[in-house]
Amino acid sequence: MSQAKAGRQIVLNAFDMACVGHIQQGMWTHPRDRSTDYLRLDHWMRLAQTLERGLFDGLFLADVLGIYDVYGDSPDASLRGAVQVPLLDPMLLVPAMASVTRHLGFGITCNLAYEAPYLFARRFSTLDHLTQGRAGWNIVTGYLDSAARAMGMASQMAHDDRYDLADEYMELVYKLWEGSWADDAVRADRAKGLYADPARVRRVRHEGAQYRLDAPHLVEPSPQRTPVLFQAGASERGRRFAAHHAECVFVNGGAKPAVAQLVADLRARAAGRPLKVLVGATLVVGRTEAEARDLLEDYRRHASVEGALAHASASLGIDFARYGMDEPIEAGPTQAIQSNVEAAKRAAGPVWTKRKLIDQFVLGSRQPPIVGSAEQVAEALIRWVEEADVDGFNLSRTVVPECLEAVVERVVPVLQERGAFKHAYAPGTFREKLFGAGPRLASPHPAAGYRFPA
């Protein structure tokens, strides 16, 4: 049995979405699943309380702004199978969850391509205040043409152009969050009737290729200023962006040597800047290995192949409805998630067919689950950390709430026994808990360069 390396604690996030079907398509049809309660605030509040009871570091909320309509050139399969549609705005759920927790962090996905930077910066500053410094932003640039059309465009920007846009966007929000208000701007002096010192608040002036702005930030400094920054790009351009901006990088699973190579590349590009790398994982946990295998078979009866194909078609940019089961698939240039395309090619081998793709759909997605007793699952997670040098995991749901309750009640205690997981939360903000440093981004992160002078 593996013991964790001294001092290294696994980071655990729940990976969820404000919808019925997230990653494992079809699981909502299981009689014990409660995903259809997603419209109720108490559903999300109970989730947050469960995660905090298990000392989870955060809840990572995915989001998209379009419907998956690549499969069969239609949204019908996605609508039938609730494949990430209907979908709520995840940010509106967070204050309710924060109100019933004290430590749980929240990583919220927001697509910067369709958000005015000024309004976006205000919303995240507001959320950082309301959560008392527990806000994180998963930076995405989008990959769905359906989202672009919904926002009045003919199609989305080219892949690398989206990252060029994102670099300028980040510069602008850093200026707003870090450089508009001095630390001592707010006086709240009742006797003098002085709330904020105008001399300690400055306008942000920006004239760039994509954005123009001349205004002070509307919100006084929040606990973290800039939220904890997550990013999931694994393409060449995405890695460059992550190395410059991200604090936490989310990578897909796969063969450990390939993931280890990606992690090493990301750390090298970050040039010594603190970086947490989280890998996506799905757990099926039983009291014994036999019980876990039975549970897996029970879940598999509810997995949706059509739903998984609809999801894969959108994320890979390939309409699999056009292909026969054994017809070779030609994956040419695509504006979808490039790292997903490359991962699918590696998994399928030299000849890629729809049958080979479907064979990967164990639970309605291409992510193979880790199955076993609590001891076996904990061992598997520790080995991932040791062999791929990841820092932790984004755990996608299967049947809720039982899948997360099993992790909290069975897996977490075993990880604690092995020295691989904390026994209590550290004090402070989301950033302080993750990195053990101050609440604000420090040099050499580029955000620190925009800070209001002392």
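Could you compute the net charge surrounding Arg301? Neighbours are other residues with a C-beta less than 13 Å from the C-beta of Arg301; K and R count +1, D and E count -1.
Taking every other residue near Arg301 into account, the sum is -2.
Tell me the relative contact order for the chain as a rounded percent, counting alpha carbon contacts under 8 Å between residues six or more apart.
Relative contact order of the chain: 25 percent.
On C-alpha positions alone, give me the angle between the axis of helix 159-179 and the longest principal axis of the chain, in degrees, nearest 10.
Tilt of helix 159-179: around 40 degrees.
What shape does segment 1-142 take by its C-alpha gyration tensor, where a ≥ b ≥ c are the square roots of the eigenvalues and a/c under 1.5 counts as rounded, a/b above b/c as prolate, and the rest as oblate?
Because a/c hits 1.5 or more and a/b fails to exceed b/c, segment 1-142 counts as oblate.
Grab the beta carbon distance between Arg187 and Ala448, set R0 = 25 Å, and tell me the FRET efficiency rounded to 0.05.
Calculated value: 0.50.
Roughly what % of DSSP beta bridges within the chain run antiparallel, to the nearest 5?
For the chain, the DSSP antiparallel bridge percentage is about 15.
Given points 7 Å out from each Cα along the Cα-Cβ axis, report the Arg8 to His244 separation in nanometres with one decimal.
Here the modelled spin labels are 3.0 nm apart.
Give the shape of segment 343-434 as rounded, prolate or oblate, defined through the alpha-carbon gyration tensor: a ≥ b ≥ c are the square roots of its eigenvalues, a/c under 1.5 means rounded, and otherwise the shape is prolate if a/b is larger than b/c and oblate if not.
prolate
Would you mind calculating the relative contact order of segment 377-442 from Cα pairs under 8 angstrom and at least 6 residues apart, reporting the percent as a whole number?
20
Quick check: with the 1.4 Å probe, what order do Leu381, Leu262 take by accessible area, largest first?
The ranking, largest first, comes out as Leu262, Leu381.
Please report how many Lys pairs in the chain have alpha carbons closer than 21 angstrom, counting only residues at least 8 apart along the chain or sitting on separate chains.
Lysine pairs meeting the criterion: 12.
In degrees from 0 to 90, rounded to the nearest 10, what is the angle of the helix 236-245 Cα long axis to the longest principal axis of the chain?
Its long axis makes an angle of about 40 degrees.
How far is helix 305-316 tilted off the main Cα axis of the chain, in degrees rounded to 10, range 0 to 90?
50
Roughly what % antiparallel, to the nearest 5, for the DSSP beta bridges in segment 1-138?
So the antiparallel bridges amount to about 5 percent of the total.
Could you please put Trp44, Trp28 in sequence from largest to smallest accessible area, using a 1.4 Å probe?
Trp28, Trp44
Between Arg102 and Gln49, how many nm apart are label points set 7 Å from Cα along the C-beta direction?
The modelled label-to-label distance comes out at 1.6 nm.
How would Arg212, Arg123, Arg40 rank on accessible area, largest to smallest, probe 1.4 Å?
Per-residue accessible area, sorted high to low, gives Arg212, Arg40, Arg123.
Only helical DSSP H runs with n ≥ 4 go in: add -39500 (n - 2.57) per run for the chain, normalise by residue count and round the 222 nm mean residue ellipticity to 500 deg cm²/dmol.
Helices in the chain give a 222 nm mean residue ellipticity of -10500 deg cm²/dmol.
How far is it, in nm, from the label point at Asp37 to the one at Glu236 when both lie 7 Å from their Cα along the line to the Cβ?
About 4.9 nm, to one decimal.
Starting from 0.36 nm per residue, how many nanometres of slack lie between Glu405 and Asp197 once their C-alpha separation is accounted for?
Extra length from Glu405 to Asp197 when fully extended: 70.0 nm.
The values are calculated or read from the model by the stated rules, or taken from the named source; none is laboratory data. Everything numeric here is computed off the predicted structure, so don't read it as measured data. No Cβ is skipped: glycine too gets one built from the backbone with ideal geometry, and neighbour counts run over all protein chains shown. Note: accessible area is taken over every heavy atom of the protein model, side chains too, but ligands, DNA and RNA are not part of it. Shrake-Rupley method; radii C 1.70, N 1.55, O 1.52, S 1.80 Å.
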